[in-house]
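Enquirer: Okay, here's the structure, questions in a sec.
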Amino acid sequence: MTFRATILTLYPEMFPGHLGLSLAGKALERGQWSIDPVQIRDFAEDKHRTVDDTPAGGGAGMVLKPDILARAIDHVSSDDPRPRLLMSPRGRPLTQKRVRELAAGEGVVIVCGRFEGVDQRVIDARGLEEVSIGDYILSGGEPAALTLLDAVVRILPGVMGNALSGTHESFEEGLLEYPHYTRPQIFEGRDIPAVLTSGNHAEIDKWRHRQALELTRERRPDLLAEDDQPVTK
């Protein structure tokens with residue numbers, strides 16, 4: 001099954017962007033996934049192809065018109081089971097769990113907002129799931145859509161050479177990833193931790209788990225359950 005991504009955007013030339021390179025790009029060439037950017041402006045009906053208007057109630061900026069966006073959504077997914085996502089800073093934070101759910105499906109339809117936002121009525125009427133990639137504001141939804149697709153495509157079956165690469169990473173087990181080391185053995189006076197060169201895989205696994213716990217407790221304590229015990233040295 002090919003994972004299909006349809007992107008509704010005012011800037012289709014931004015896709016596939018970096019996803020046309022490296023492992024994602026090779027998977028795209030092999031047909032393991034596909035991307036179809038669709039120009040929202042094509043669904044405007046006036047001669048200027050206007051897609052926005054002033055916000056009701058006043059205020060700065062412009063708002064993407066609901067009738068135009070609804071026509072675009074209906075054109076690409078009228079009878080389509082794929083989730084309809086709207087990249088939005090007010091959406092639910094994207095998690096690795098949600099990424100895996102999306103990767104297990106047939107694909108996604110992603111709406112990339114611009115201006116001050118999207119008319120709430122089309123969000124409600126077309127069942128758009130608002131998704132955020134972080135607590136900051138971008139110039140539009142396109143970079144956020146590329147980020148989401150990057151996270152999804154890399155874990156599609158056969159994209160990464162080593163199947164284990166996608167399982168021993170930050171967030172996969174609710175923890176940040178442990179530190180990594182490689183040769184040379186000594187770099188600027190700093191040695192690789194002895195346990196990693198001991199050949200004792202059970203002790204290596206324990207060390208990595210302790211390191212992951214410590215990093216998570218220090219940097220992302222929100223990821224830890226309330227009953228987590230203190231890390232033992």
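The values are calculated or read from the model by the stated rules, or taken from the named source; none is laboratory data. Predicted, not measured: the structure shown is a model, and the values here were computed from it. Note that each Cβ is placed from the backbone with ideal geometry, even for glycine, and that neighbours are counted across all protein chains shown. Note: accessible area is taken over every heavy atom of the protein model, side chains too, but ligands, DNA and RNA are not part of it. Shrake-Rupley method; radii C 1.70, N 1.55, O 1.52, S 1.80 Å.
Enquirer: How large are Rg and Dmax for region 5-155 when only the alpha carbon atoms are used, in Å?
Expert: Computed over the Cα atoms of region 5-155, radius of gyration and Dmax are 15.2, 50 Å.
Enquirer: Taking 0.36 nm per intervening residue step and subtracting the Cα-Cα distance, what contour gain separates residue 14 from residue 46 on full extension?
Expert: 9.0 nm
Enquirer: Carbon and sulfur together cover what percent of the accessible area of region 44-141 at a 1.4 Å probe radius?
Expert: On region 44-141, the fraction of accessible area on carbon and sulfur atoms equals 50 percent.
Enquirer: Something else: What nm value, rounded to one decimal, do you get for the distance between residue 30 and residue 194 when each label is placed 7 Å out toward the C-beta?
Expert: 4.3 nm
Enquirer: Sticking with this structure for a sec: Give me the net charge for the shell around residue 28: Cβ to Cβ below 13 angstrom, other residues only, Lys and Arg +1, Asp and Glu -1. All intermediate terms of the calculation are to be shown ahead of the outcome.
Expert: On the way: positive: 4, 26, 30, 154; negative: 29, 36, 150.
Once all neighbours under 13 Å are counted, the net charge is +1.
Enquirer: Angle check, please: helix 142-153 long axis (alpha carbons) against the longest principal axis of the chain (alpha carbons), in degrees 0 to 90, nearest 10.
Expert: Once rounded, the angle reads 50 degrees.
Enquirer: Please list, by residue number, everything in region 84-117 whose backbone N is under 17 Å from a paramagnetic label point 7 Å out along Cα→Cβ of residue 56.
Expert: 116-117
Enquirer: R0 = 41 Å: FRET efficiency of residue 177 with residue 120, Cβ-based, nearest 0.05?
Expert: Rounded to the nearest 0.05, the efficiency is 0.60.
Enquirer: Ok, one more. Keeping every protein chain present and rolling a 1.4 Å probe, give me the accessible area per residue for the chain in Å².
Expert: On a per-residue basis, 59 Å².
Enquirer: Which percent, to the nearest 5, of DSSP beta bridges fully inside the chain are antiparallel?
Expert: 15 percent
Enquirer: For the peptides 46-53, 122-129, what is the packing order when you average, over each peptide's residues, the other Cβ atoms within 10 Å and list the highest mean first?
Expert: Averaged packing, sorted descending, gives the order 122-129, 46-53.
Enquirer: What is the gain in length, in nm to one decimal, between residue 80 and residue 225 on full extension, counting 0.36 nm per residue of separation less the C-alpha to C-alpha distance?
Expert: That works out to 48.4 nm of additional length.
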